[in-house]
Amino acid sequence: MIKNFNPLANTIVKKKALKILDAGLTSAHPKNFLKEFVKKNCIHLGKNRMFLSNYEKILVVTYGKAADFMAEYVSKRIDVSQGLIVIPKNTKLSFHDKKFRTIYAGHPIPDSDSVIAGKSIVELIKNCSKQDFVLFLISGGGSSLLTLPDKITLTEKKRVTKLLLECGATINEFNCVRKHLSMIKGGKLVQNMNCDGCALVMSDVVSNDLSVISSGCTYYDNTTFIDALDIIRKYSLEAKMPKKVIAHLKYGRKRKEHRNRLRIKNKIIATNQDCLNTMVMKSRMLGFTTKTHSTLNDDVSISAKKIVRSIPKGKNSCLIFGGEPTVKVKGTGKGGRNQELVLQILKLTHRSDDNLLISSVTTDGIDGNTKYSGALIGNHISNIQNITSYLKNNDSNSFFKKYGGLVKTGPTHTNLIDIGLIIKY
């Protein structure tokens, strides 16, 4: 998975660290989870069985960063009548099947193809008969890949997305606002679906909340227009938001929100914890005393302090961590939350007497506005200069380009958020 494994593995401890990270990344492949739920023309949800041979047509709708890998696995086990794949632009499609139409859409900012994707899925569902079955395969990234703005323009939706990306909002807060500006998010996509269906979901949120993952297009939403407005005010964004956006949310606040009971079953099949469990096993196999720190979802500076406080006291130990810290963008540099997290930890530990190896990577392969997935670096670097200035400019990528340690995987066709480690040796 790690394309520059060998150049990075220039010491024994770095090689071990990369093996642990690689194990975590490999474990995030959709096939590792789908095999438990998708059998030959049958969906297994615990004790429940959905026999797909009972239906006239089987339609597969798959969107997110893992969409093509999920579609590929399912297409070999289910007699698909028609399918639609929506994946980020600049992603190389993993398989080709004439039954599947593929749309490449914008991420992390939605674009006109995101609107085409949203309309195409709405049309597909509208044309279903009562004898059909729709299987949704959902992974992180769908919030921007599927877009159907409600009473606002795409340009206005893009502006909202950019502001929320840069303000340091959590994904739960971000997607709450998105859901109330959309005609399909928050369960509205399937609200009037007249056939049976099921959604198998790979979670890219720390809370594993089905209403948040890809903005919960197939799941009941319990947030409100008031919640969305409160979030905008919390981050002092009201004056920066397009006026039509604020007007729409304020109008929605006055209306009673009607929600039909959804016919579709939703099941989370994979989480960040699955990656961490695999990494713990690999770490122990390599001889490290190992502990975990999961559910990181604070600002990177706070997350870094929590991680450092969790570093084991003894040598030959490994701390495994995961989650999705947030970053408030103040500067104009290049980087991502993983590179910034590693740099924040380095800032706290580079004067320590302990020998530490620090790393954090995103399982989707693309960290922030860079082509790298994260970074790996020791805490004792000679001639290190002004970490704080790099952090102030959100320019962690430039730091690691100068001092080394950038990890490259390229797009991984999956997304179980971030994984990381600190080895004490």
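The values are calculated or read from the model by the stated rules, or taken from the named source; none is laboratory data. Because the structure is a prediction, the values reported are computed rather than measured. Glycine gets a Cβ as well: all are built from the backbone with ideal geometry, and neighbour counts include every protein chain shown. The accessibility values were calculated without ligands, DNA or RNA, using every heavy atom of the protein model including side chains. Shrake-Rupley method; radii C 1.70, N 1.55, O 1.52, S 1.80 Å.
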*Sort out which residues of the range 175-206 are open to solvent by 10 Å² or more (accessible area, probe 1.4 Å), touching a residue at least 40 places away in the same chain (Cβ under 8 Å) and under 17 Å from the mean Cα position of the chain (by Cα), and write them in order of number.*
D204, V206
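Table: residues versus (1) within 16 Å of the chain's Cα centre (by Cα); (2) over 28 Å from P312 (Cβ atoms); (3) basic (K, R).
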| site | (1), (2), (3) |
| --- | --- |
| G368 | yes, yes, no |
| Y372 | yes, no, no |
| N386 | no, yes, no |
| F400 | no, no, no |
| G420 | yes, no, no |
*asked:* Name the residue that is surrounded by the fewest Cβ atoms within 10 Å (Cβ to Cβ), counting only residues in the range 137-154 that are over 28 Å from C198 (Cβ atoms) and in contact (Cβ under 8 Å) with a residue 60 or more places away in the chain.
replied: T153
*Could you list, in sequence order, all residues of the range 194-210 that are under 24 Å from H180 (Cβ atoms), of a type in the set (A, V, I, L, M, F, W, C) and not in a strand (DSSP E or B)?*
V205, V206, L210
*Collect the residues in the range 211-231 that are over 20 Å from T326 (Cα atoms), assigned to a loop (DSSP other than H, G, I, E, B) and open to solvent by less than 40 Å² (accessible area, probe 1.4 Å), keeping them in residue-number order.*
C217, T218, D221, T223
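Of everything in the range 298-319 that's of a type in the set (S, T, N, Q) and closer than 22 Å to S398 by Cα, which residue is surrounded by the most Cβ atoms within 10 Å (Cβ to Cβ)?
Step one: filter the range 298-319 for residues of a type in the set (S, T, N, Q), giving 301, 303, 310, 316-317.
Add one more test, that the residue is closer than 22 Å to S398 by Cα, and what stays is 301, 303.
Values: S301: 16, S303: 26.
Only one residue fits best here, namely S303.
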*If H29 satisfies every condition in (1) farther than 30 Å from Y403 by Cβ; (2) surrounded by 23 or more Cβ atoms within 10 Å (Cβ to Cβ); (3) in contact with a Ser or Thr (Cβ under 7 Å, 6 or more places away or on another chain) but one, which is the exception?*
(2)
*Scan D367, D353 and give me the residue that is free of Cβ contacts under 8 Å to residues at least 40 places away in the same chain, open to solvent by less than 20 Å² (accessible area, probe 1.4 Å) and part of a loop (DSSP other than H, G, I, E, B).*
D367
*So which residues in the range 243-289 are under 30 Å from I320 (Cα atoms) and either outside any helix (DSSP H, G or I) or in contact with a His (Cβ under 8 Å, 6 or more places away or on another chain) (or both), if there are any at all?*
N266, K267, I268, I269, A270, T271, L286, G287, F288, T289
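Just name the residue that is most open to solvent (accessible area, probe 1.4 Å) out of those in the range 320-349 that are farther than 18 Å from V206 by Cα and outside any helix (DSSP H, G or I). Steps first, answer last, please.
The first filter runs over the range 320-349 and keeps only residues farther than 18 Å from V206 by Cα, leaving 328-335, 339-340, 342-349.
Add one more test, that the residue is outside any helix (DSSP H, G or I), and what stays is 328-335.
Details: K328: 110, V329: 62, K330: 162, G331: 19, T332: 128, G333: 17, K334: 96, G335: 12 Å².
Checked the range 320-349; the qualifying residue most open to solvent (accessible area, probe 1.4 Å) is K330.
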*Number of the exception - L163 against (1) open to solvent by 10 Å² or more (accessible area, probe 1.4 Å); (2) of a type in the set (A, V, I, L, M); (3) in a loop (DSSP other than H, G, I, E, B)*: (3)
